[in-house]
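Notes follow once the structure below has been shown.
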Amino acid sequence: MRYDSAKDLVLSLGTTDQFRGSITLDGSNPDHAEGEAHLRWFIVDNALQGQGHGKQLLGEVVTFLELVTTMRRPRLAPPRSHSRRSHRIDGETC
């Protein structure tokens, strides 16, 4: 298993006995160019949708990217093709 806490992030939403959502950012995949990150999955329980939980999870990912890239607002470049959904973290401020 490959996990680098400096480049990867896994967050879960729920309680100890109930899973309600998750988001995973993969920034250490050796098949990607340096500085690329892949949003592996982003799931929120249907019962919680529309309540801001997904926005909170995405906000945590953006905060993580800001910390690891030391940029004020990282920009995710569009994927190169529809089949590959990797995004490059661009050094330009949005």
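Things to note:
- Filter result (closer than 12 Å to L13 by Cα and either under 12 Å from the mean Cα position of the chain (by Cα) or small (G, A, S) (or both)) within region 25-51: F42, I43
- Index of the failed condition, S86 passing every other in (1) modelled with pLDDT of 85 or more; (2) within 13 Å of the chain's Cα centre (by Cα): (1)
- Listing of strands (runs of 3 or more DSSP E) fully contained in region 4-55 that carry 2 or more residues being aliphatic (A, V, I, L, M) and over 16 Å from V68 (Cβ atoms): 36-44
- Residue count for region 7-23, restricted to those that are under 15 Å from V61 (Cα atoms), free of Cβ contacts under 8 Å to residues at least 24 places away in the same chain and out of contact with any Leu (no Cβ under 7 Å at 6 or more places or on another chain): 2
The values are calculated or read from the model by the stated rules, or taken from the named source; none is laboratory data. This one's a predicted model, so the numbers in the text were calculated from it and none came from an experiment. Virtual Cβ from ideal backbone geometry, glycine too; neighbours counted across all protein chains shown.
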